[in-house]
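Notes to accompany the following structure.
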Amino acid sequence: MNAIQKAPRTDRLFDGPYYLSIDGQLASADEHFDVFNPATGQVLTQAPSGSPQQLEAAIAGAKRAFKSWSALSYDQRQAYLEAYADALQEHRDELARLLTLEQGKPLKTMAEPEIDQSISWIRQIAARRIPVEIVEDTASHTVELHHTPLGVVGAITPWNFPVLLALWKVAPALITGNTMVIKPSPFTPLTTLRFGQIAQSVLPAGVLSVVSGGNELGPQMTAHPDIAKISFTGSTETGKHVIRSAASTVKRLTMEMGGNDAAIVLPDADWQSIIPQLYWGAIGNSGQWCVGIKRLYVHSSYRAEFVAAFVDYARQQVMGDGLDPAVTVGPVQNKMQFDKVRTFLDDIKARGYNVVLGGEVDESRPGYFIPVTVVDNPPEDAMIVQEEQFGPIVPIIAYDDVEDAIARANDSPFGLGGSVWGSDTRAAVDVANRLETGMVWVNEIHTQGVDIPFGGHKQSGLGTEHGHEGRLLFTNPKTVLIKK
Ligand code: NAD
């Protein structure tokens, strides 16, 4: 194993070139692909397009490294992860700026917190342990349950929170003794390539590799016999391909997929005071949030005033280039998603729903800007209610009867998250307990933590991330029976 070294400090405004990280080495590629700045629609730079052979080399390196990495103690791996967190901290400003440039999110309110949370996450996870359990201890024998690492874990990540969602995988995989190969989304490869590059000067060769490239690298990973587990975050549609492909080698899977989260604001809610939380719950990260509020159910007794107050709050926000400190809402991340979100606007228009804010894209504006759009009381079967918009459009839907709101919230193939808001906390918890989701917040939203399990019910997920449950999924339960 290499000695622990600090990554050399580089220019804070790093501007490439970007390298793949393969088995401890930085590697260029024969081909490159364009990465766009969503705030301008212009090419930002180019990223290396890893070949199948390069991905193969990364997996082979990870397999070799697994032998020595898994043999280290938790304390030794924690020291490496702490050194990695220190190295990332030195590059914090550069990573945050790069994240805004490639992803579009506002620098101060979104990108910097994402980097900070990622670094803190590594440190906190590095301090967690999975002890050996004594499950039986009798006069004749002892039974121990060990949690051994799996081997090489493949991480496949999306473009909405490219740093946080990747490091949510890296930290628990590595501390439990696995090695990892990450394939970032081709829409946002740069920050991942950079934190991969930084890892190479701190972690032993092969422990963490990053190979960017086209979507075709995904199936190569999901079918590869030397990858023991896939940790995937992305759409349910792609997730189904991953599950099918992984069956051939019986891979372990953690699947974090799409959602259509409902927020139910109860009749007794102090709704005026929670408008900002609901607004950011829906529109934060320009609505590109797996657990974003995608359907907002409010009681009909105050719906009209609620909609007016929501729109009033929305008008105070500034949409634009995330590097501008005045901007609080950025663009949609890529052209494909921009076009997809526009199909929702087209449907809303064609069906004559009541648009009380936004609704029209400014064609003369460069970049992928969809105006924050509020749709007042569309019918339950509307596309904007039934499907995941993953953009800055929120339907505010009236209900009369709480039972009906619960039934509508549950009437979905998705079951990722949800939230319930009310003054009588016990009554709100009763409603929350009836939502068919992996997570539900009561009078708060999007609180997360290393010990708080995070995952989806129904077609939103398989397995869980975070918490003891999430960390266990990076291990194999191994029962050791010892005769006395
Ligand atoms: P996506 O499914 O298009 O892509 C996700 C990743 O899968 C990318 O890296 C992509 O290159 C890769 N990929 C594409 N085809 C593949 C294949 N055949 N085999 C293996 N990998 C393949 O998702 P996206 O558009 O990047 O992200 C948005 C979606 O992700 C939304 O549906 C959102 O709800 C979901 N999401 C879920 C969570 C969660 O924790 N549940 C978090 C963030 C995003």
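Quick rundown of the values:
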| item | result |
| --- | --- |
| Largest to smallest accessible area among Arg77, Arg244, Arg342 [probe 1.4 Å] | Arg244, Arg342, Arg77 |
| Virtual spin-label span in nm between Ser235 and Ala223, 7 Å along Cα→Cβ | 2.1 |
| Environment charge at Phe161 (Cβ cut-off 14 Å; Lys +1, Arg +1, Asp -1, Glu -1) | -4 |
| The chain: calculated mean residue ellipticity at 222 nm from DSSP helix runs of at least 4, using -39500 (n - 2.57) | -11000 deg cm²/dmol |
| Cβ-defined net charge surrounding Pro38, 9 Å radius [Lys, Arg +1; Asp, Glu -1] | 0 |
| FRET efficiency, His141 to Asp430 (Cβ-Cβ, R0 51 Å, nearest 0.05) | 0.65 |
| Förster-model FRET efficiency, 60 Å R0, Gln386 and Ile134, C-beta, rounded to 0.05 | 0.75 |
| Along the chain, longest interval not containing exposed GluC sites (Glu not before Pro), exposed being DSSP loop plus at most 11 other Cβ atoms within 10 Å | 1-215 |
| Accessible surface of Phe36 - all protein chains present, 1.4 Å probe, nearest 10 Å² | 80 |
| Computed label-point distance, nm, for sites Met336 and Gln316 using a 7 Å Cα→Cβ extension | 3.7 |
| Positive minus negative residues near Gln386 (Lys, Arg vs Asp, Glu; Cβ under 12 Å) | -3 |
| Percent of beta bridges antiparallel (DSSP, the chain, rounded to nearest 5) | 45 |
| In Å², nearest 10: area of Asp75 left accessible to a 1.4 Å probe | 100 |
| Whichever aspartates and glutamates have a C-alpha closer than 17 Å to that of Lys251, once near sequence neighbours (fewer than 8 apart) are set aside | Asp226, Glu465 |
| Relative contact order, percent, the chain [alpha-carbon distance under 8 Å, six or more residues apart] | 19 |
| Label-to-label distance, nm, for residues given as Ser70 and Ser273 (7 Å Cα→Cβ offset) | 5.3 |
| Accessible surface, per residue, of the chain when the full set of protein chains is kept, probe 1.4 Å, Å² | 38 |
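The values are calculated or read from the model by the stated rules, or taken from the named source; none is laboratory data. These numbers were taken from a predicted model, which means no experiment stands behind them. Note: ideal-geometry Cβ built from the backbone for every residue, glycine included; neighbour counts use all protein chains shown. Keep in mind that these areas ignore ligands, DNA and RNA; they rest on the heavy atoms of the full protein, side chains included. Shrake-Rupley method; radii C 1.70, N 1.55, O 1.52, S 1.80 Å.
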